1. Tell me, 723, 546, 463, 612 in order of fewest to most beta-carbon neighbours within 10 Å?
2. All other residues with a Cβ under 9 Å from the Cβ of residue 168 taken together, and with Lys, Arg as +1 and Asp, Glu as -1, what is their net charge?
3. What is the pair-distance distribution P(r) of segment 314-428, computed from all Cα-Cα distances in 5 Å bins starting at 0, with each bin given as a whole percent?
4. Between beta-carbons, use under 15 Å as the cut-off and find the net charge around residue 291, counting Lys and Arg +1, Asp and Glu -1.
5. Where nothing but the Cβ of Lys and Arg (+1) and of Asp and Glu (-1) is charged, how large is the charge dipole of the chain around its Cα centre, in debye to the nearest 20?
6. Roughly what would the spin-label model give for residue 723 and residue 552, points 7 Å off Cα along C-beta, in nm?
7. What is segment 568-720 by shape, rounded, prolate or oblate, if you read a ≥ b ≥ c off the alpha carbon gyration tensor as root eigenvalues and call it rounded for a/c under 1.5, prolate for a/b larger than b/c, and oblate otherwise?
8. Alpha carbons only, please: Rg and Dmax for the chain, in angstrom.
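Computed from the coordinates by the stated procedures, all read-outs in this text should not be read as laboratory data. In this text, all values refer to a predicted model and were calculated from it rather than measured experimentally. No Cβ is skipped: glycine too gets one built from the backbone with ideal geometry, and neighbour counts run over all protein chains shown.
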Amino acid sequence: MLQAIARLAIRAPRQIILVAALVALATALFGIPVAQHLSAGGFQDPTSESAQAARLLTEKFAQSDQQLLVTVTDPNGATAPAARAVGTDIVGALSASPHVMQVTSPWTSPPAAAGELLSRDGKTGLIVATLDGGENDAQKYARALTEQVAHDRDGVTVRAGGKAMIYAEITSQSQRDLLTMEMIAVPLSFVVLVWVFGGLVAAALPMVVGLLAILGSMSMLRLITFATDVSIFGLNISTALGLALAIDYTLLIISRYREEIAAGDDRDAALVRTMVTAGRTVLFSAITVALSMAAMILFPMYFLKSLAYAGIATVAFAAAAAVIVTPAMIVLLGDRLDSLDIRRLLRRALNRPEPNPKPVERQFWYRSTKFVMRRAVTIGLTVTAFLIFLGLPFLRIQFGNPDDRVLPRSASTHQVGDLLREDFPSNLNTAVSMVIPDAAGITPAELDRYAAELSRVPDVSLVSAPGGTFVGGNRVGPPSAPTAVAQGSAFLTVRSTTMLFSDASKAQLSRLHAVPTPAGRDVLIGGGAQVNRDNVYAITSRLPLVLALIGVITFVLLFLLTGSLVLPLKALVLNMLSLSAAFGALVWIFQEGHLDAFGTTPTGTLEANMPVLLFCVAFGLSMDYEVFLVSRIREYWLASGAAGPATMRREKTRADNDESVALGLARTGRVVTAAASIMAIAFAALITAQVSFMRIVGLGLTLAVLVDATLVRMTLLPAFMRVMGRWNWWAPRPLARLHSRIGFSEEPAEPVGVSSGQTVG
């Protein structure tokens, strides 16, 4: 297939470029508006207990977890005439909206309920509006209502927050972050490409392929929105990943093509040889990355599913553009591929001579690999211990759901959240809903008894039940928070003084579960604490299956590539080491707050979806470099005597193995380093995001890529392969025969020399 693509590119390059341009235009027109159709939600398991409770509250009680919170602050007090006038005016405007289900405020509620809606200093009143539309539409309604009511007047400060507004601000902030990321990543990547290729034309080619990949992935995301919800963050990932992978793949192909030209092949032969070697590596790498990301589909949250869709689409378009468009552009450009060589112009300006090509034995990557292999055990153990040390903080990880603190401190929702946590007697975010789906036959007395028992649970400030408000086991007044009996169901509201995601909050939730229910009926628990518990369980319960699936897929694919059982196992171990360092750094920085949490607000937790996302993406990218290196090393290993007829084979030695490793890294080391640098730039641009968990993703992927491409691939890989020697390539005879029949063993038609001075592979 790859030979056919190369020959087609030689015969009809203009036609291929024309078709690519038309596809790019179509995908741009269809895909660019995709941001308008994406959502900021998707973090909750829709099948969980808390999700079921939320649906019942909406369907039967007109209650919603999509809240718009408006704070009204007056230095003279929330009950002063100015604050009262502003507050009641806002309540009236919200009540008039068809999207507002309920509105409560300290100026319109009974005294028992009003106290919960006033700050401790009496200067701020809180308006609570529940919105319909679910997490996708509620954010739109919240944005429109905020623009209508949330503005200062008459010396009164008005701020908007709440869950619905959090999603709205995350969506708008993510769109701004995406633009910032592109403005940083694209020019910096181009500068690195100019440094690698020298010529401006050659450097522009990977950028073109990256643009095709990004436009293609955006169009696929737009198409998927017609069938299901898609997270806005899929767009951020597809942009960074599309740019990084497209450049990776194009860089590998162009570098290999230049090698073949330097070895004396004519352009057509060099292109064919490039495609059946480097092109094959690109496709194999793409399959590995795509399958790693596809594992996220197994999780129930559409946030992770969306990133899987985005990742698969991006990888597919990046690989397709690399193996189809790149050879056509190479043919079409011809000698102009190396035109506008900046390095040559600089040498002429500085009156410096042209550099003489160095034999491979004198090149940095060959010598550094030989150095590592001479001290394989010492270096291998030292680097391994260092990576394990960096990963130790990951053992202290705590999971939590995103709240207003994922946004910058300047965001209105963050300010409202801080005000609720610091100045109000009960944080509404910690409220727990106790929903009884089947309340038929339950007497009011039984509900009161249940509410009284719930109120005795430590750190419960009050329980609002249809029969009244209960504190410490005693009824103290009428209902002071949402509660009702309707359509054969009932629900109670439990106010808590604990901090969300804290050990006290977790313990309180367990105690609430343990309270005997009225008439032994099932009770569904909703609220932030239960949502967090459900989501963590949804991830951890499926994680072993996902890890096993990724491990098996990777093992099988690498076996098909190498014919070895040892190298796939080595790849899995080394990947885990590189990821451990990145994960440990994230816990140390973002969860524990070191290095000022990189400008974010530490909450003592990491969003539960982030480690899964990072693992699947980073694992796939690590295999990207593994395939680049091992496939080239294997070419040299086969050339040492395994590729010819049995009568011509000779016994391979440890020296053959070591030389194959050194030559493989010498030929691919610069490419991998350049690719890793560009990929790191693309992901590092995410660190500029104002949404904290995208900053976490950016730093995590940047660290994972850099650690993998340097410490792991350039030290641990050669050290391991030196220690194992000939056993690197071992497989039982039945599996060896199987690989000979079904393995990825497409090789160039002509024999490949193993001499260190030759260009191979």
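1. So the ranking, lowest neighbour count to highest, is 723, 546, 612, 463.
2. After counting each charged neighbour, the total is +1.
3. Per 5 Å bin, starting at zero, the Cα-Cα P(r) for segment 314-428 comes out as 2, 7, 6, 6, 7, 8, 10, 10, 11, 10, 9, 6, 4, 2, 1, 0 percent.
4. In short, -2.
5. 2780
6. About 2.9 nm, to one decimal.
7. prolate
8. When restricted to Cα atoms, the chain yields Rg and Dmax of 30.4, 101 Å.
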